[in-house]
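The values are calculated or read from the model by the stated rules, or taken from the named source; none is laboratory data. None of the values given here were measured: they were computed from a predicted structure. Here the Cβ is made from the backbone with ideal geometry for all residues, glycine too, and neighbour counts use every protein chain on show. All accessible areas refer to the heavy atoms of the entire protein, side chains included, with ligands and DNA or RNA removed. Shrake-Rupley method; radii C 1.70, N 1.55, O 1.52, S 1.80 Å.
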Amino acid sequence: MRWRGAVWWLLLVATLGPALLLTALRSTDPSPGWAVQAVAFTPLALPLYAAALLLLLGRALTRGRRGPAVVAALVVLGLGGLHAWWWSPLVAGTPPDAGDGARVTVMTANLLKGRADGAEVVRAAVDADVDVLVLEEVTDDVLADMERAGLDELLPERIGETGASIDGTMVLSRAPLGEATAVDTFTQTWGVEVDLGAATVQLLAVHPAAPVDPERWHADLDLLRDVARDTDADVVVGDFNATLDHAPMRRLLDDGYADAAAETNAGWQPTWPANGLFPVLGVPLPTSVAIDHVLVGEDVLALDTRTVEIGGTDHLALVADLVVVG
């Protein structure tokens, strides 16, 4: 029946069209804001290609002229395989041996302009036995809530500043912190040395611009790469507003950094949007984009990563257990 053919074509276009677009964008370094944001959803191409493959195989099995459908299915299979290869570092490979060295647990949390539940942040840090806490979008009010919940007793050392909205970034630590160096990103980014006793770690707490301003987003991520390289940062942590599929992040990895989730084969760990407040076509988005990261240099190994839900914010917190081996 003609209507069945029309439905089949509609489903094929609905699955294959977005998947092909994601492949094209992931293969480049796009400049328009909508394209940069679309790259963040690259992993979703895998189920789209799988659905398109099933449609094509079904067509090949039920139609007399199977050649075109089979050829198209092979092309789709190859493109799906390409995406699987891009995604595979998160689940494949051999995690490094822990070895001997100073252990440190790092947690990063974006507090959504200070709307997060400060007491929950402190409880999460206690539960994870956090040594270094990196906070983005810290305001005076949420910091006061955290202090009432015992933040100073847990993590007495601090650098950074609160802000009025998205511009506050802070590093809080159980171990002594050295002098902080500000980095001129759109929102606050800080470099600081963490003295673990048995070792010192050069930490870069980052919060570059969001890709709603793609020009500034590119500039911030390029600057962070330069600073990480120039300071020989051991740990780069925070809300990067970018996934591992974005070209600027891939360039950071090419410089010798490893994503902690990938190094531990932790799988896909999306962190945004955690509160579903970003509707697309009227439908709230599930947590589907991994933009919060802990990157480690050659002298630091990742042992484990996990996400933690914090009330009031649109980000899941990310916790990483690390060991300094260099």
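Among the residues of region 169-196, those that are open to solvent by less than 70 Å² (accessible area, probe 1.4 Å), in contact (Cβ under 8 Å) with a residue 40 or more places away in the chain and more than 13 Å from E136 (Cα to Cα) comprise S173, A175, V183, G191, V194, L196. For region 13-45, a residue qualifies if it is of a type outside the set (V, I, T), open to solvent by 50 Å² or more (accessible area, probe 1.4 Å) and farther than 17 Å from H246 by Cβ, and the qualifying residues are A14, P18, L20.
Any residue that is among the basic types (K, R) and open to solvent by less than 60 Å² (accessible area, probe 1.4 Å) - is there at least one of those in region 101-117? Outline the logic, then answer.
Filtering region 101-117 for residues among the basic types (K, R) gives 103, 113, 115.
Applying the additional criterion that residues be open to solvent by less than 60 Å² (accessible area, probe 1.4 Å) yields none.
Scanning region 101-117, I find no residue that is among the basic types (K, R) and open to solvent by less than 60 Å² (accessible area, probe 1.4 Å), so the answer is no.
Would you say I166 is modelled with pLDDT under 95 and either touching a strand residue (DSSP E or B) at 6+ places or on another chain (Cβ under 8 Å) or crowded, with 19+ Cβ neighbours inside 10 Å (or both)? Lay out the reasoning, then the answer.
Details: modelled with pLDDT under 95: yes; either touching a strand residue (DSSP E or B) at 6+ places or on another chain (Cβ under 8 Å) or crowded, with 19+ Cβ neighbours inside 10 Å (or both): yes.
Considered against the rule, which asks whether it is modelled with pLDDT under 95 and either touching a strand residue (DSSP E or B) at 6+ places or on another chain (Cβ under 8 Å) or crowded, with 19+ Cβ neighbours inside 10 Å (or both), I166 comes out as yes.
Please identify the pairs in which a residue from region 126-153 that is open to solvent by 50 Å² or more (accessible area, probe 1.4 Å) and modelled with pLDDT of 95 or more has its Cβ atom under 9 Å from the Cβ atom of a residue that is in a loop (DSSP other than H, G, I, E, B) and aliphatic (A, V, I, L, M), counting only partners at least 6 apart or on another chain. Within 9 Å, the pairs are D140/A164; D145/A116. Does D226 fit the bill of being over 19 Å from the mean Cα position of the chain (by Cα), in a helix (DSSP H, G or I) and under 30 Å from A38 (Cα atoms)? Criteria met by D226. Of all the residues in region 189-214, those that are assigned to a loop (DSSP other than H, G, I, E, B) and in contact with an Asp or Glu (Cβ under 6 Å, 6 or more places away or on another chain) number 3.
Quick grid of which residues meet (1) in contact (Cβ under 8 Å) with a residue 12 or more places away in the chain; (2) open to solvent by 30 Å² or more (accessible area, probe 1.4 Å); (3) in contact with a Pro (Cβ under 9 Å, 6 or more places away or on another chain); (4) among the basic types (K, R):
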site	(1), (2), (3), (4)
R251	yes, yes, no, yes
D255	yes, yes, no, no
N265	yes, yes, yes, no
P270	yes, no, yes, no
G276	no, no, yes, no
P284	no, yes, yes, no
S288	yes, no, yes, no
H293	yes, no, no, no
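Do we have any residue at all in region 229-238 that's touching an Asp or Glu at 6+ places or on another chain (Cβ under 8 Å) and either open to solvent by 20 Å² or more (accessible area, probe 1.4 Å) or among the basic types (K, R) (or both)? Yes, that holds for at least one residue.
Let's see how each residue does on (1) within 28 Å of P270 (Cα to Cα); (2) within 30 Å of the chain's Cα centre (by Cα); (3) at pLDDT 95 or above:
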{"site": "V7", "(1), (2), (3)": "no, no, no"}
{"site": "S27", "(1), (2), (3)": "yes, yes, yes"}
{"site": "L61", "(1), (2), (3)": "no, no, no"}
{"site": "G64", "(1), (2), (3)": "no, no, no"}
{"site": "V71", "(1), (2), (3)": "no, no, no"}
{"site": "G78", "(1), (2), (3)": "yes, yes, yes"}
{"site": "G93", "(1), (2), (3)": "yes, yes, no"}
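So, of the residues in region 211-226 that are touching a Lys or Arg at 6+ places or on another chain (Cβ under 9 Å) and not basic (K, R), which turns out to be surrounded by the most Cβ atoms within 10 Å (Cβ to Cβ)?
Going through the qualifying residues, I end up with L221.
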